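In what follows, a single structure is set out as structure tokens and then discussed.
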Amino acid sequence: MKKIFLVVVLLITALQSFSQCACCAGAGIGSSNGDYNNGILTLPQKLFLVEAYSDYRTIKNGNAPEEDEKLLTKMLISSLGIRYGVTKNLTVSVLLPYVNLYTNSGSDGGFGDLILLGSYNIYSKEKFNFAIQAGIELPTGEQKNSSFDNTTVIVGSGSYDPMIGILFSKQWNKLTLSGNALYKHTTNGFQDNYYGSLSVHGVGVSYKIKGESSICETDSLATKTASNFGLSAMVGYSGEWLDKLKEDGVVDENSGHYLGLANFGGTFLYKKWAFPLTLSMPIINKMNGLQNDFGYRFRIGVIRAF
């Protein structure tokens, strides 16, 4: 059970890195969650975005017995990130998550791994955009004794983990189709253990219901046609694959999984502000061995452009 606990904690901190925002179709692991985007994969030059997210997730207990080590029932991941448009084709990003874990016997938490990521748009034509991504996850996550049982809380992997991925988008008037795939190669971390490489992918469609917010515009680019208010809706699918972990050179068969999520949400925009909401429901819970299934996820964000 301790190994299952570690995998879950590692997963949520890695996947929470960068969510899609109101200006870009994605900027890292977690972008498959499918928040609203307008088809632009990188920010305008010299534009800053500050974004904060709260992500609430449930776990369906019942597949594994509770003995000396308590089962997780839910978790809350809070994250703070900054993005900057270096050029019109290059955006760099940094984000740090904080994870709260809950059981029926108490709660605990800690900071996760810091993620640095760059997105470069390599092709733009007829409202079709294609970009590549590269980055690294730094070992800033915590390892400590749990406050609710005798497990070890590990938030992060304790290793330097490179990432690489792709993004694409296509616009048709009020519709935007976007997709992404990103892979994180996990190297040996705490106690020289391997906590599983990770891959995410997703596709989504957003529909512009009202308005054209100026959140993605710099002052020099803003036009009189931009309205103060905007509203959009989106649907999509995202998938998460996690490799089996390895402790002391032994593979844990009760670890690793493939999770498929149906995503529904929308975004309200006001001037330089954006407020995305996303509800995710699991439609595929393919767990290796004896593990508890994931439940629903609800995420709310606040984004401000400068």
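Values quoted throughout were computed directly from the atomic coordinates according to the rules given, and no laboratory measurement underlies them. On a predicted model such as this, the values are computed, not experimentally measured, just so you know.
Considering just Cα atoms, how many Å³ per residue does the convex hull of the range 41-188 enclose? Don't skip to the end; give the middle numbers.
Numbers: hull volume 21.1 nm³, N = 148.
Once divided by residue count, the hull of the range 41-188 is 143 Å³.
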- Message: With θ taken as phi - 60° and the coefficients 6.51, -1.76 and 1.60, list the Karplus ³J(HN,Hα) couplings across the range 129-139 in order, rounded to whole Hz; mark glycine and proline as x.
- Response: 10, 9, 9, 10, 10, 8, x, 8, 9, 8, x
- Query: What are the ³J(HN,Hα) values, in whole Hz, obtained from phi via the Karplus relation 6.51 cos²θ - 1.76 cosθ + 1.60 with θ = phi - 60°, for each residue of the range 153-161 in sequence order, with x given for Gly and Pro?
  - Reply: 7, 10, 10, x, 9, x, 9, 8, 10
- Once you've got the Cα coordinates, tell me which of K170/K271; K127/K208; K88/K210 are over 19 Å apart. K170/K271; K88/K210
- Task: In whole Hz, with x marking every Gly and Pro, tabulate ³J(HN,Hα) for the range 103-114 from phi via Karplus 6.51 cos²θ - 1.76 cosθ + 1.60, θ = phi - 60°.
- Result: 10, 6, 10, x, 9, 7, x, x, 6, x, 6, 7
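Would you work out the relative contact order for the range 91-188, in percent, from Cα pairs under 8 angstrom that are 6 or more residues apart? The partial results should precede the final answer.
Details: 236 pairs, mean separation 22.4, N = 98.
It rounds to 23 percent for the range 91-188.
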- For K244, list the lysines whose Cα falls under 25 Å from its own Cα; do not include residues on the same chain fewer than 8 positions away. K2, K3, K60, K70, K74, K144, K184, K286
